[in-house]
Amino acid sequence: MTSAATAASGTGTGTGTGTGSDTGTGTGSATGGCLHCGLPAAGKDFCCAGCEVVHAALAEHGLDAYYKVADRVSMGERGPARTTGKSYAELDDPAFRQLHVQARADGLAEVAFFLEDVRCAACVWLVERVPALCDGVAEVRLDLGRSRADVVFDPARASLADTARMLDRLGHPVHPYRGVDRDRLRQQDDRALLLKIGVAGAAAGNVMLLAFALYAGMFGGMAAGQTSFFRWTSMLVAVPALGFAAMPFFRGALGALTTRRLHLDLPIALGILVGLVWGTLNVVRGTGEIYFDSLAMLVFLLLVSRWVQSKQHRKAASAAELLHALTPRTARRLREGGVEEVPLEAIVAGDRVEVRAGDTVPVDGVVLSGASALDAGLLTGESRPAEVVAGDAVHAGTVNLVGPLVVSATAAGEATRIGQLARRIEDEGRRRAAIQRFVDRVAGRFVAVVLAVAALTAIGWSLTAGPRVGLEHAMALLIVTCPCALALATPLAVSIALGRAARRGLLVKGGDALERLATPGLVFLDKTGTLTEGRIRLTDWIGDSDARVLAAAVERGSAHPLARALVAEVDADDLGATDVHEVLGGGVEGTVRGRRVTVGAPPWVTARASVPAGLRSAAEVLATAGKTPVLVAVDGRVVAAAGFADAVRPDAAPAIERLRADGWRVRILSGDDPRIVRAVGLSLGLPLDACRGGVTPEGKLAAVREAKAAGPVVMVGDGVNDAAAMAAATCGVAVHGSAEASIDAADVLVRRPGLAALVELFDGAAATLAVIRRNLRVSLAYNLVGGTLAVTGLIHPLIAAVLMPLSSLSVLFSSSRSRGFRAPRQEKESPR
Amino acid sequence: MITLYLVLPLALLVASGAVAAFAWSIRSGQMDDLETPPRRILLDD
């Protein structure tokens, strides 16, 4: 209790003594690393600016006890803190409140935030202390798994912007949580399933105890009255409990029957139903076998496997949503009074919007003032930035690279080009038919075989031993072959694979995505950002190499992407350029150490300087190779030609080679200039007809649809322009750094850069399907044994009760031995 | 062995009490977040 009192008083009056001593001990260990997070700080007090801000904020608000708490409860999960210093003014905008804030019955309001960097119990402690610091905030509850904080506040008194600023300063940048409705639906599903698991588990345990007594009675002898009592009790427990708990399987089977699709739920529901009805009949008749113990166990195991699988899917899905939440959803609107930050939804056509360098353009519109270059890579796939001046049209979703722009919105939200693309992506996602899952195909044949064998058994035994025996053996067969292990075979293998894949940075949104990837077919790769790094780099330098330093000196002040790429490559001191002036669409001119240096596009430079024939043709060669040529002139004479390009990822060539060796046909589908695409394809060893450039988003979609008629198609990309094609493809894969729309459309998200991850994904999918097949063989073998015993009339409920868990255990063991998505030994990640 | 006829229903009654308690815990949201509460217990207050 004493430390609780200290913590509480820390926020109030008793700040002096308590926090003073804490800070003292903290400073004493400065040599041990960062005062906030404990990481190496190179002799300084803090490892980074973020930690310093958070440390100061903690001291200011008397929350130094945080360090004591963190030392005690965190398990090596602390890391450097990050703050953004944003104003969060948009959170107090009426439009935001309308969208995200929910009124409660008691007059307070509730909002859900997504918080960055919540890791451990100490974060829970810190975040839930916010009500004491912000006026009008009644309660904050943090959910670590979802990184979700529910804030209850008094709408009349509290400012959400203040609250968000406070959380930000404490090292947890805030984003609106956008999955509130989805979360609520999932919660309902989860609760319903959990209740069924509980009921089935209780029934299984109790019925099994009763079954023990009955089995013992079979061998040791038991009074008829007691046997009957135990049988009736088993029935009264099992039938209502299983009738309720097995509802999902009955519903699934009914759905399969009405849509005339084969589904694994069909044989399961058949087995359970026959078992329950037949068992009840036998209890009432007072003779014949009952299988209630096996059935209850079966239902319990199946429900648990569903639970495990859905948890695994949720994890991948919510990780995708986290990425989603990180994309900014605000715009800077210009009004008479100045700039205000408002939610994107509040912008309407006609509004003037400021777009700072580095920001994403939030609307479709026309540039009113300013000049800049826009990166449309994610929207169209073009690798070269487009220059814009007043009067040019700009599109939402492009990134402003150079200078501030003022844009007059012509369309916002759904009406923008990107908004229309998003709708098309959604349509494609809905249209895509679910694949017939492998296990369901097996289940279809399984049902047919079991029913046929059951009919034969019934007829055969009826002819030789009478209809009663025939019916008994046929029913036993239907119950014993209820495919428990078969139903576990896929979820177990898939859950283990998804968990391992997530640890390897591959987020697979559903188990069927793995099946979609397991058989080689056609794979379309986007170029910009997927095969290449998605940013311009200096790749060629022809001519006087000393001129590099001069060129870098005049380019140093420029924000143009080509200039930045050049400066980044030159590792020399700044020579200091004077008299620099930049011409948009042309280049830069300036004086360096008395020499006049001109750097820019070939037409602009040749108009100002004389060009030797060699360098002129060099520039042309660069252009035909798909690179952006730049000429460098010194004192009126061109001395060098530079080539810039979006460099191909170093692991792209080996990855493509592996894919082709595994039987995949690889094609490039890009929105970029066909010349650039061909050059990239050539460097990766792809034939020219496999490289298509200049493809619009609609064109990509059409290409995927067309190819899909011939076989499975995988679309790998990163941009909004790939998203519709991803949604239409058999399987869509979004690579590291993908646009929001692609993250939504893709079945798999790759969260680490490079194409090696792609190979691992395909390999892992194939390995997982192999395990599924092995599991199916194992479970079918057990069914064959049980079925044979039933057909020959040798089956006994006790054998069934032993066979079933045994087969499930074998499947579990087989799944855990999967080699899919295992970390390669040499590059095993060190624990944090 | 006559006690069986009394004890067995009694045992089942206890079991159904446990199921009811589980149902209540689910309804009141105790199973919604299985990650934070085990950490929260480490905090004193």
Notebook entry, point to check: When A:GLY699 is evaluated against the numbered criteria (1) open to solvent by less than 40 Å² (accessible area, probe 1.4 Å); (2) under 24 Å from A:GLY764 (Cα atoms); (3) of a type in the set (Gly, Ala, Ser), which criterion, by number, is the only one it fails?
Noted result: (2)
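Go through the stretch A:145-154 residue by residue and tally those that are more than 10 Å from chain B (Cβ to nearest Cβ), in contact with a Ser or Thr (Cβ under 9 Å, 6 or more places away or on another chain) and either part of a helix (DSSP H, G or I) or on the phi < 0 side of the Ramachandran plot (or both). Explain how you work it out, then say what you get.
Initial filter on the stretch A:145-154 (more than 10 Å from chain B (Cβ to nearest Cβ)): A:147, A:149-154.
After this cut, where a residue has to be in contact with a Ser or Thr (Cβ under 9 Å, 6 or more places away or on another chain) as well, the list is A:147, A:151, A:153.
Cutting the leftovers down to either part of a helix (DSSP H, G or I) or on the phi < 0 side of the Ramachandran plot (or both) gives us A:151, A:153.
Number of matching residues: 2.
Under the condition of being within 27 Å of B:LEU34 (Cβ to Cβ) and part of a loop (DSSP other than H, G, I, E, B), which residue from the stretch A:128-144 is nearest to the other protein chains (Cβ to nearest Cβ)? Break it down stepwise before answering.
From the stretch A:128-144, those within 27 Å of B:LEU34 (Cβ to Cβ) are A:128-131, A:137-144; that's our starting set.
Filter once more, keeping what is part of a loop (DSSP other than H, G, I, E, B): A:128-129, A:144.
Working: A:GLU128: 9, A:ARG129: 10, A:LEU144: 4 Å.
Among those residues, the one meeting the criterion is A:LEU144.
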Next item on the list: Of the conditions (1) more than 9 Å from chain B (Cβ to nearest Cβ); (2) surrounded by fewer than 18 Cβ atoms within 10 Å (Cβ to Cβ); (3) over 36 Å from the mean Cα position of the chain (by Cα), A:ALA238 clears all except one; give me its number.
Entry: (2)
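Keeping to the stretch A:675-691, report how many residues are surrounded by fewer than 24 Cβ atoms within 10 Å (Cβ to Cβ) and either within 19 Å of A:LEU421 (Cβ to Cβ) or small (Gly, Ala, Ser) (or both).
Looking only at the stretch A:675-691, we keep the residues that are surrounded by fewer than 24 Cβ atoms within 10 Å (Cβ to Cβ), and these are A:675, A:678-679, A:682-691.
Imposing the further condition that a residue be either within 19 Å of A:LEU421 (Cβ to Cβ) or small (Gly, Ala, Ser) (or both) reduces the set to A:679, A:683, A:685, A:690.
Here the count works out to 4.
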Notebook entry, point to check: What number of residues within the stretch A:763-784 satisfy the criterion of being under 28 Å from the mean Cα position of the chain (by Cα) and either under 17 Å from A:VAL439 (Cβ atoms) or open to solvent by 10 Å² or more (accessible area, probe 1.4 Å) (or both)?
Noted result: 11
Checklist line | Given (1) of a type outside the set (Phe, Trp, Tyr); (2) at pLDDT 85 or above; (3) closer than 27 Å to A:ALA725 by Cα, number of the condition A:ALA409 does not satisfy | finding: (3)
Next item on the list: Any residue in the stretch A:443-466 that's closer than 12 Å to A:ALA790 by Cβ: show its pairings with residues that are among the polar types (S, T, N, Q) and open to solvent by less than 30 Å² (accessible area, probe 1.4 Å) at Cβ separation under 7 Å, as long as the two are six or more apart or on different chains.
Entry: A:VAL450/A:THR481
Margin query: Report every pair of residues separated by at least 6 positions or lying on different chains whose Cβ atoms are under 7 Å apart, first residue within the stretch A:536-551 and at pLDDT below 85, second part of a strand (DSSP E or B) and among the acidic types (Asp, Glu).
Written below: A:ILE536/A:ASP646
Item checked: Per-region count, the stretch A:390-401, residues assigned to a loop (DSSP other than H, G, I, E, B), open to solvent by 30 Å² or more (accessible area, probe 1.4 Å) and either of a type in the set (Gly, Ala, Ser) or modelled with pLDDT under 80 (or both) -> 2
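If you check A:GLY711, A:GLY737, which single one turns out to be assigned to a loop (DSSP other than H, G, I, E, B), closer than 17 Å to A:LEU517 by Cβ and open to solvent by 10 Å² or more (accessible area, probe 1.4 Å)?
Details: A:GLY737 fails: closer than 17 Å to A:LEU517 by Cβ.
Criteria check complete, one pass: A:GLY711.
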Notebook entry, point to check: For the stretch A:42-111, which helices (runs of 4 or more DSSP H) that fit wholly inside it have 3 or more residues that are closer than 14 Å to A:ASP168 by Cα, of a type in the set (Ser, Thr, Tyr) and within 14 Å of chain B (Cβ to nearest Cβ)?
Noted result: none
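Does A:GLY370 fit the bill of being open to solvent by 20 Å² or more (accessible area, probe 1.4 Å), modelled with pLDDT of 85 or more and at positive phi? Give the steps one after another, and end with the answer.
Details: open to solvent by 20 Å² or more (accessible area, probe 1.4 Å): yes; modelled with pLDDT of 85 or more: yes; at positive phi: yes.
Taking the combined requirement at face value, the residue satisfies it.
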Next item on the list: Working only within the stretch A:177-191, note down all residues that are within 16 Å of A:MET247 (Cα to Cα) and either crowded, with 17+ Cβ neighbours inside 10 Å or within 9 Å of chain B (Cβ to nearest Cβ) (or both).
Entry: A:ASP190, A:ARG191
Margin query: I need every pair where a residue in the stretch A:688-708 that is part of a loop (DSSP other than H, G, I, E, B) has its Cβ under 7 Å from the Cβ of a residue that is surrounded by fewer than 22 Cβ atoms within 10 Å (Cβ to Cβ) and basic (Lys, Arg), sequence separation at least 6 or different chains.
Written below: A:GLY693/A:ARG678
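State whether the residues of the stretch A:155-175 include one that is aliphatic (A, V, I, L, M) and within 14 Å of another protein chain (Cβ to nearest Cβ). If you could, list the steps in order and put the result at the bottom.
To start, the set of residues in the stretch A:155-175 that are aliphatic (A, V, I, L, M) comprises A:156, A:158, A:160-161, A:164, A:166-167, A:170, A:174.
Filter once more, keeping what is within 14 Å of another protein chain (Cβ to nearest Cβ): none.
There is no residue in the stretch A:155-175 that is aliphatic (A, V, I, L, M) and within 14 Å of another protein chain (Cβ to nearest Cβ).
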Item checked: Residue count for the stretch B:8-45, restricted to those that are more than 30 Å from A:SER228 (Cβ to Cβ), open to solvent by less than 70 Å² (accessible area, probe 1.4 Å), of a type in the set (A, V, I, L, M) and more than 7 Å from chain A (Cβ to nearest Cβ) -> 1
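Would you check if A:VAL811 is farther than 19 Å from A:ARG503 by Cα, β-branched (Val, Ile, Thr) and surrounded by 19 or more Cβ atoms within 10 Å (Cβ to Cβ)?
Details: farther than 19 Å from A:ARG503 by Cα: yes; β-branched (Val, Ile, Thr): yes; surrounded by 19 or more Cβ atoms within 10 Å (Cβ to Cβ): yes.
Here the answer is yes, as A:VAL811 does meet what is asked.
Residues checked against (1) open to solvent by less than 40 Å² (accessible area, probe 1.4 Å); (2) in contact with a Cys (Cβ under 9 Å, 6 or more places away or on another chain):
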{"position": "A:ALA132", "(1), (2)": "no, no"}
{"position": "A:GLY136", "(1), (2)": "yes, no"}
{"position": "A:ARG141", "(1), (2)": "no, no"}
{"position": "A:PRO155", "(1), (2)": "no, no"}
{"position": "A:ALA158", "(1), (2)": "yes, yes"}
Next item on the list: Output the residue which, of all residues in the stretch A:199-213 that are open to solvent by 20 Å² or more (accessible area, probe 1.4 Å) and either free of Cβ contacts under 8 Å to residues at least 12 places away in the same chain or away from chain B (no Cβ under 11 Å) (or both), is farthest from A:LEU242 (Cα to Cα).
Entry: A:PHE212
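The values are calculated or read from the model by the stated rules, or taken from the named source; none is laboratory data. In this text the structure is predicted, and so the values were computed from the model without any measurement. Glycine gets a Cβ as well: all are built from the backbone with ideal geometry, and neighbour counts include every protein chain shown. Areas reflect the complete protein model, heavy atoms only, side chains present, ligands, DNA and RNA absent. Shrake-Rupley method; radii C 1.70, N 1.55, O 1.52, S 1.80 Å.
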